[in-house]
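A quick write-up on the structure given underneath.
Every number in this text was worked out from the coordinates using simple rules, so none of it is lab data. Here the structure is a predicted model, which is why all the values come from computation and not from measurement. Methodologically, a virtual Cβ is constructed for each residue, glycine included, from the backbone with ideal geometry; neighbour enumeration extends over all protein chains shown.
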Amino acid sequence: MKINVWKSTRRAFLAASCATLSLMAQAQQTYTVSVSLDYTGPFANVMDSWWAGQQSVFDWWNDTKGKAIGVKLDIKTHDMRYDASVVARTWPQILSSDKPIVFLGMGSPDLVSLMKRLPVDKVPMIMGTAMIAPLWTSDGWHFSYRPTYSHEFAGLFAYMQARLPEKRALRIGTVSTQGLAGYVDQVNGVVALAKAYPDRFNVVSSQWVDNQPITVTSQIQEMAKFKPDLILVGTNTAQVVATSKALKELGLKTPIVTSSHNGLTEAAKAIPMADLEGSYSVFAFAPYNDPAVKVADIFAKYNKVKGGTWGITAAQTAGQALLAVAAVEKAVAKVGAGNLSGQAIYDALLAGPYSAESFQGLMPSLQLRKDAPFPTDNLAVKAMTVKGGKLEAVSADWMPVPALAKW
Amino acid sequence: MSMLPSGVFFQSYAAEQGLLRTWPQRLGLAASLLLLASMGWLMNDYWLGILTLGGITLVAVLGLHITIGMAGLLNLGQSAFVGIGAFVAASMASNGWSIWVTLPCSGLAAGVVSILFGLPAVRIKGFYLALTTIAAQIIFPIVMIRLPDGWFGGSAGMSVEPPVILGWVINTPRSYFLLVLSVAAVAFLAATNLGRSRTGRAFRAIHDNDIASSVVGVNLAKVKIQAFFAGALFAGFSGALYAYFVRYVSTDQFTLWLSVWYVGMLIVGGMHSPFGAMLGVAVITLLQEGVHLLGTKVLSSFTGMSGGTVFSLTNVVLGGVIILMLLFEPLGLAHRWSILKSSYRIWPYPRG
C-alpha cells in the first residue's frame with residue numbers, strides 16, 4: 001500500500017512536471033516580425049533612431065505583455081535601401097526564411113512593391129509613414145496608423161483657420177516638386193481640401209521647385225504677393241531650409257508647415273532653430289516630448305541601438321510597432337497563442353477599434369476598415385512649433401481633421 | 001579577332017567568322033548556360049533575386065554598350081528609356097496584353113522616343129550630347145505625370161500583374177529568373193552579333209572618327225539615330241522586365257542616379273564588348289552585395305557601432321574599389337580577361 005502511494009505521488013509529480021513543461025513550451029511560442037529598414041539609402045542618417053523606436057517597443061512587449069500571453073516576437077530586419085527593386089527581390093526570401101506574421105514597411109518602395117503581393121502571400125504590412133492618395137485603395141493588406149499627409153496638414157490648417165483674427169479663409173502657399181508622385185499628391189490633397197471648404201481654406205500659390213534646391217527666393221517672392229498665412233513644405237528638409245532662408249532674405253515672417261520626416265528638428269540641423277520661429281511640424285501622433293507619451297519611458301529603458309535617440313523619428317516608428325503588438329494581442333485573444341498567422345493578424349487589424357491606451361499616449365484610438373489603408377473616422381493630429389527657439393506642442397489636445405474625400 | 005590555340009585551322013570563311021569556332025567553345029557555352037539555368041534550383045531566393053535584377057540591369061547596360069561603347073555617343077539618360085519601357089509594359093499589361101506583345105512594344109516605344117534625343121547627336125557630341133540625354137532624364141517624369149492618368153497612371157504610377165507564358169504564371173523567384181535569363185541571353189547574343197554586322201561596323205567607324213567615316217560613305221545622321229534607337233530598344237526590354245519583376249512602376253524608380261550607375265558598370269567592365277557589360281554588371285552587383293553583407297557582419301559583431309556609420313563606410317569602400325579598378329585597369333575588366341586569355345593561348349611562350 002505504501003508503495004502504491006509512492007507510485008501515485010511520483011506519477012502525479014511527473015504529470016504535473018509535464019504539464020508545467022508543456023505550459024512553458026506554450027509560453028515560448030515564437031513568431032517572426034520582419035522589418036524593412038534603410039541603412040544604405042537616402043534615410044540612412046535617421047535609421048538608428050528609426051530602428052530604435054521599433055526595437056524598444058518589441059523588446060518591452062516581449063518582456064511584459066508577450067510573456068503574459070505566451071508569445072515572443074522575433075524581429076528580423078532587412079536593409080531594403082529604400083529601393084523598390086531591392087524590396088521586390090528580397091521579399092521572396094523573407095517569405096521563405098522568416099515566415100513573418102506581419103511586416104513593418106518603411107516607405108513607398110515597400111508599398112509599391114508589395115501592395116499587390118501581400119494579399120496573395122497573406123502577410124499584412126504596417127507602415128509608420130503617412131499615406132498618399134494613390135495608395136488609398138480598398139481591400140489591401142497594407143495599413144498605416146497615419147492618414148495621408150494632406151489629412152495631417154488639414155488638421156493643423158483647421159486649427160489655424162479657427163484662430164485667425166478675422167473670419168476668412170486661411171491663405172495657403174505650397175512649395176513642392178513636380179515629377180515625384182508623393183510630393184505632387186501632398187499638394188493635390190491640399191487643393192482638394194480648399195475645394196471642399198472654400199470658405200475656410202484657399203491655396204493662393206503653388207511653387208514647384210527643384211527636389212534639392214539651392215535657393216527658392218524668387219519663388220517665395222512670387223508667392224509673397226498673395227500674402228499666404230503659411231507655407232506648406234511637406235517634401236524634404238532641403239526645401240524647408242531653402243524656404244526658411246528665402247523668408248529671411250525677404251524679411252518675411254510667414255510660418256512654414258512641415259511633416260514628421262522633414263520636420264523642425266531635422267531642419268534645425270542645417271539652420272538655427274531661431275530661423276524657424278513660429279513654424280510647425282504636424283503628424284498623427286503625439287509629440288515625442290509630450291508628458292502624456294508613456295512610450296518615452298519604454299524607449300529610455302529598452303533602447304539598445306547605438307546612436308538611436310528619442311525624437312520624432314523614434315516616436316513615429318514606435319507607433320508602428322505599438323499597432324503591430326496591439327494587433328498580435330487581439331489576434332491571440334481570438335485564435336490563441338499557438339495559432340497566429342498573417343491572416344489572423346490581418347483579421348485582428350480590421351477587428352478594432354484599438355483604444356488609445358494600447359498606444360501608450362502616442363496615438364488616439366483608431367479603427368481600420370477594408371475601404372482604406374488608414375483610419376478614416378475621427379482623425380486627429382498633434383503639432384509642434386518653435387517658440388522662443390524651443391520646440392513645444394501647439395495644443396495639448398488632439399486637433400480634429402476635417403473630413404476629406406479621396407481626390 | 002581573338003587568337004586560338006595553334007593548330008586550329010578553318011576550311012571556310014563562315015567557320016572562321018563563327019562566334020563559336022571550336023568544340024570546346026561550344027561545350028563551354030552549353031555548360032555555362034546549363035549552369036546558369038540550374039541556378040534557379042541551386043540558389044536560394046535571396047541570390048535568385050540578385051541574379052534576376054542583375055539580368056534586368058544587364059539588358060539595359062548592353063544597350064548602353066551599343067550607344068556608348070560601339071558608337072561613342074555618350075548617353076546619361078538610359079534610365080529614362082528603361083522607364084519608358086516599364087510604363088508601356090505596365091500600361092499594356094493592365095489592358096490585358098500578353099508579354100509576347102508588351103515586351104517588343106516596350107522596346108520599340110523606348111527606341112522611338114530615343115530618336116527625339118538622338119537627333120541632336122547629328123550636330124553635337126561629347127559633353128554637349130550628354131547634356132541632351134540628361135534632358136531626357138529630366139523631362140521623362142514630368143511628361144509621365146502630366147499625361148492622362150488612364151495612359152500610364154499619372155502621378156500614382158501603375159501596378160503590374162505577373163506575366164503568363166503558355167499558361168504558366170511567372171510569379172515565383174525561379175520563374176522570374178528563368179524569364180530574365182532567357183531575355184538577357186538573347187540580348188547578349190544580339191549585341192554580340194550587332195558588332196559583327198554592317199551596322200555595327202558603321203557604329204565603330206563613327207566611334208573612331210565620325211568625319212572620316214562620313215567621307216567613306218557612312219550616313220552619319222542615320223547611323224547615330226540607329227545607335228540611339230538600338231541602345232534604347234534594349235533599355236525598353238529591360239524596363240518591361242523590371243515592371244513585371246517589381247510589379248509596380250512609378251517615375252521615381254528611374255532616376256539619373258541609376259543612369260550613372262549603368263555607365264559606371266559599363267566603364268568598370270569595359271565598354272567595347274558585350275562581355276565587358278556583363279562583367280561590369282556582375283562585378284558591381286557583387287561588390288554592392290559584398291560590402292553590404294560585410295557591413296551587416298560588422299554591425300552584428302561590434303554592437304557599439306552605429307548602423308548609419310557602418311553602412312556609410314560601406315559606400316566609401318564601394319566607391320574606393322571602383323576608383324582603384326579604374327586607375328589600374330581603365331580599359332575595363334574585359335581587357336584584363338582578354339590579356340589572361342591570350343596568355344593562356346600562347347603558353348608556354350610569354351605574352352607580347
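I'd like the FRET efficiency for B:Phe9 and B:Ser312, computed as 1/(1 + (r/R0)^6) with the beta carbon distance as r and R0 of 56 Å, rounded to 0.05. Walk me through the intermediate numbers first.
Numbers: r = 58 Å, r/R0 = 1.03.
That gives a FRET efficiency of 0.45.
With angles folded into 0 to 90 degrees, how steeply does helix A:84-93 sit against the dominant principal axis of chain A? Use alpha carbons for both and round to 10.
With both axes taken from Cα atoms, the answer is about 0 degrees.
So what J values fall out for region A:182-198 if you push phi through Karplus, 6.51 cos²θ - 1.76 cosθ + 1.60 with θ = phi - 60°, rounded to Hz, Gly and Pro as x?
Using θ = phi - 60°, the values come out as x, 5, 5, 5, 4, 5, 4, x, 6, 5, 4, 4, 5, 5, 6, 10, x Hz.
Can you list the equivalent-ellipsoid semi-axes of chain A, largest first and in whole Å, using the square root of 5 times each Cα gyration tensor eigenvalue? Before the final figure, lay out the partial values.
Numbers: eigenvalues 406, 84, 77 Å².
After scaling each eigenvalue by five and taking roots: 45, 20, 20 Å.
Along the Cα→Cβ direction, 7 angstrom out, place labels at A:Ser395 and B:Val260. What is the inter-label distance in nm?
The modelled label-to-label distance comes out at 4.4 nm.
Could you work out how far the C-alpha centroid of region B:94-147 sits from that of region A:270-299, in angstrom?
45
Could you run the Karplus curve 6.51 cos²θ - 1.76 cosθ + 1.60 with θ = phi - 60° over region B:326-332 and give me ³J(HN,Hα) per residue in whole Hz, x for Gly and Pro?
Going residue by residue, I get 5, 5, 8, 9, x, 7, x Hz, with x marking Gly and Pro.
Between B:Val143 and B:Gln25, what length comes free when the chain is fully extended (0.36 nm per residue of separation minus the Cα-Cα distance, one decimal in nm)?
That pair, B:Val143 and B:Gln25, stretches by 37.7 nm at full extension.
Exactly which trypsin sites (Lys or Arg not before Pro) in region A:117-191 are in a DSSP loop and have at most 13 other Cβ atoms within 10 Å?
Those that pass, being in a loop and sparsely packed, are A:Arg163, A:Lys167, A:Arg168.
May I ask for the angle, rounded to the nearest 10°, between helix A:149-162 and the longest principal axis of chain A, with both axes built from Cα atoms and the value confined to 0 to 90°?
Roughly 60 degrees between the two axes.
Which whole number gives the average, over all residues in A:348-354, of C-beta atoms from other chains lying within 10 Å of the residue C-beta? Can you show the working numbers first?
On the way: counts 0, 0, 0, 0, 0, 0, 0.
That works out to 0 on average.
Give me the extension gain from A:Ile214 to A:Ala274: residue separation times 0.36 nm, minus the current Cα-Cα distance, reported in nm with one decimal.
Details: separation 60, 0.36 × 60 = 21.60 nm, distance 2.04 nm.
That pair, A:Ile214 and A:Ala274, stretches by 19.6 nm at full extension.
Run the Debye formula on the Cα coordinates of the protein assembly as shown, all scatterers equal and no solvent, and tell me log10 I(q)/I(0) at q = 0.12 1/Å.
So the normalised log intensities are -1.41.
Can you grab the distance from the C-alpha centre of region B:55-85 to the C-alpha centre of region A:353-402, Å, no decimals?
47
How about A:Lys72: which lysines have a C-alpha closer than 27 Å to its C-alpha, ignoring those fewer than 8 places off in the same chain?
Cross-link targets: A:Lys99, A:Lys122, A:Lys294, A:Lys301, A:Lys304, A:Lys306, A:Lys330, A:Lys334, B:Lys297.
Within 10 Å of each Cβ in B:248-261, how many Cβ atoms from other chains are there, averaged over the peptide? Kindly include the intermediate steps, with their values, before the conclusion.
Working: counts 12, 2, 8, 5, 10, 7, 0, 0, 0, 0, 2, 0, 0, 0.
Per-residue shielding by partner chains comes out at 3.
Just need the relative contact order of chain B here, percent rounded to a whole number, with Cα pairs under 8 Å and 6+ apart.
Details: 497 pairs, mean separation 100.0, N = 352.
This gives 28 percent for chain B.
Filter the trypsin sites (Lys or Arg not before Pro) in region B:164-229 down to the DSSP loop ones having no more than 15 other Cβ atoms within 10 Å, then list what survives. Let's see the in-between values first.
Details: sites: B:Arg174, B:Arg196, B:Arg198, B:Arg201, B:Arg204, B:Lys222, B:Lys224; in loops: B:Arg196.
In loop regions of region B:164-229 (DSSP not H, G, I, E or B), the sparsely surrounded trypsin sites (Lys or Arg not before Pro) are B:Arg196.
Provide the packing ranking of A:207-214, A:59-66, i.e. peptides ordered by the mean count of other C-beta atoms within 10 Å per residue, highest first. Write down the numbers at each step before the final one.
Details: A:207-214: 16.0, A:59-66: 18.4.
Going by the mean number of other Cβ atoms within 10 Å, highest first, we get A:59-66, A:207-214.
R0 = 35 Å: FRET efficiency of A:Lys334 with A:Lys195, Cβ-based, nearest 0.05?
With a Förster radius of 35 Å, E is 0.25.
Mind checking region B:1-73 for chymotrypsin sites (Phe, Trp or Tyr not before Pro) that DSSP puts in a loop (not H, G, I, E or B) and that have at most 14 other Cβ atoms within 10 Å? Present the calculation step by step, with values, prior to reporting the outcome.
Numbers: sites: B:Phe9, B:Phe10, B:Tyr13, B:Trp41, B:Tyr46, B:Trp47; in loops: B:Phe9, B:Phe10.
Those satisfying the criteria are B:Phe9, B:Phe10.
Treating only the Cβ atoms of Lys and Arg (+1) and Asp and Glu (-1) as charged, compute the dipole magnitude of region B:22-271 about its Cα centre; round to the nearest 20 debye. Could the numbers behind the result be given before it?
Numbers: 12 positive and 6 negative charges, 140 e Å.
Around 680 debye, computed over region B:22-271.
Averaged over peptide A:31-44, how many Cβ atoms belonging to another chain are found within 10 Å of each residue's Cβ? Could you put the intermediate results ahead of the total?
Details: counts 0, 0, 0, 0, 0, 0, 2, 2, 12, 12, 1, 0, 1, 7.
Partner Cβ neighbours, averaged per residue: 3.
By how many degrees, 0 to 90 and rounded to 10, does the Cα axis of helix A:47-63 deviate from the longest principal axis of chain A?
For A:47-63 against chain A, the angle is about 30 degrees.
So, R0 is 51 Å and r is the distance between the beta-carbons of B:Ser343 and B:Lys222; what FRET efficiency does that work out to, to 0.05?
On the way: r = 41 Å, r/R0 = 0.80.
Rounded to the nearest 0.05, the efficiency is 0.80.
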